[in-house]
Amino acid sequence: MTLVRAKITVTALMALPIVTRDGAAAERAVRGVALGLFSEDAGWSYRPLLDEIAATGADHVELVVAWYQADASSTEIVDHPRYTAPPEALAAAIRDARAAGLAVTLFPIVRLSAPRTPDEWRGTLAPRDRDAWWRSYRDKLLALARLAARERVAVLSVGSELSTLDGARDRAAWAATVAEVRRVFAGKLMYSGNWDHYRDVAIYDLVDVVGLCGYFALVPRGGPSTVDDVTRGWRDLRAELSRFARAAGRPLVFTEVGYRSIAGAAAAPWDEGAAGTVDLDEQRRCYEAFRRVWSSAPPDVFGGVYFWNWYGWGGPTSRAYTPRNKPAAAEIKLFFK
């Protein structure tokens, strides 16, 4: 792809360690943790969680904002009355993150409130009126971009895992949307492709950061998942992803890397609804394998990571992705160190 845009000048807080389109060299990969703003209490403070994230050695936090549409064919994207952080809660979280010493990435995701089948999700959207969907999505993104500009956010994701809408067919709609966002937001823009689709994303050249969600299967289903097994899985993927990054001319940023603390997590990290017994050590082994493989990755390949997702109670009985109060948190600290 042709790299034609000049580097956007932003404040030191906003600077991301990536290879920019004018050839500027990276300094250091992003050390990030994602935090879903999923509390049903609009006035709830995320500051304690943000302080915990900073204590891991992270320098970035990815604040996740959930938008909703009814099903994959819907054309209207809305705030959920319970599960979408209102603007005032989002602004407070951004300010608290900066007070904790963290640069902020805003990461909107589209969820379905009434999927028609278990297989419908944001990666399978097929709006019955594509133009109407794009008008709705653009309005939501522009409102978020204005808030991001007011609150001096470092990075704004323009989308994530929209696999049926990030190809050549919708490139013109993306180009128009990104151009409008750039008129109101001066920070870095990112797009995050899905782990099984990133090669087919047709819009990476429109943004500054090449992101992807890293829920790759690391071992076969039912197979062993020792640290060495999982490390081999990541090592093979690193070779493949390195070729992609070098062809793109920019390093990759993992916008999501995470594992549920259940048996079998390494075989299907993307499966948030899988049954399984609690296995804190399988989660930890997955993090250790990531650390083994990616801590030595060169800066032209690896632009950083956001570990998914700090939100949740955590602890020894938790099957969720959160590494809070689990052995996996120690692996995150080692990686950032």
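Points to keep in mind about this one:
- Entry remark, the stretch 46-70: residues being crowded, with 16+ Cβ neighbours inside 10 Å and either farther than 13 Å from Tyr311 by Cα or among the acidic types (Asp, Glu) (or both) number 11 in total.
- Restricting Ala275, Ala217 to those that are of a type in the set (A, V, I, L, M, F, W, C), at pLDDT below 95 and either in a strand (DSSP E or B) or open to solvent by 40 Å² or more (accessible area, probe 1.4 Å) (or both) reduces the list to Ala275.
- Here Pro298 meets the list (1) more than 26 Å from Ser39 (Cβ to Cβ); (2) within 19 Å of the chain's Cα centre (by Cα); (3) open to solvent by less than 50 Å² (accessible area, probe 1.4 Å); (4) not hydrophobic (A, V, I, L, M, F, W, C) almost entirely, failing just condition (2).
- Qualifying residue in the stretch 246-254 (condition: in contact (Cβ under 8 Å) with a residue 60 or more places away in the chain, buried (at least 16 other Cβ atoms within 10 Å of the Cβ) and closer than 20 Å to Ile332 by Cα): yes
- Output for the stretch 208-261, where each listed residue is more than 19 Å from the chain's Cα centre (by Cα) and among the β-branched types (Val, Ile, Thr): Val219, Thr226, Val227, Val230, Thr231
- Scanning the stretch 185-214 for residues that are in a helix (DSSP H, G or I) and either touching a Pro at 6+ places or on another chain (Cβ under 6 Å) or over 30 Å from Arg152 (Cα atoms) (or both) yields Arg199, Asp200.
- Residue in the stretch 157-172 that is closer than 23 Å to Ala85 by Cα and either of a type in the set (S, T, N, Q) or surrounded by fewer than 18 Cβ atoms within 10 Å (Cβ to Cβ) (or both) present: yes
- In the stretch 44-102, residue modelled with the lowest pLDDT [restricted to those that are over 26 Å from Lys326 (Cβ atoms) and of a type in the set (D, E, K, R)]: Arg82
- If the condition is being under 24 Å from Arg135 (Cα atoms), surrounded by 22 or more Cβ atoms within 10 Å (Cβ to Cβ) and of a type in the set (A, V, I, L, M, F, W, C), then the stretch 91-109 contributes Leu106, Phe107.
The values are calculated or read from the model by the stated rules, or taken from the named source; none is laboratory data. What you see is a predicted model, and the numbers here were worked out from it, not measured in a lab. Cβ sites come from the backbone with ideal geometry, for glycine too, and all protein chains shown count toward neighbours. We work out accessible area using only protein heavy atoms, side chains counted, and drop any ligands, DNA or RNA first. Shrake-Rupley method; radii C 1.70, N 1.55, O 1.52, S 1.80 Å.
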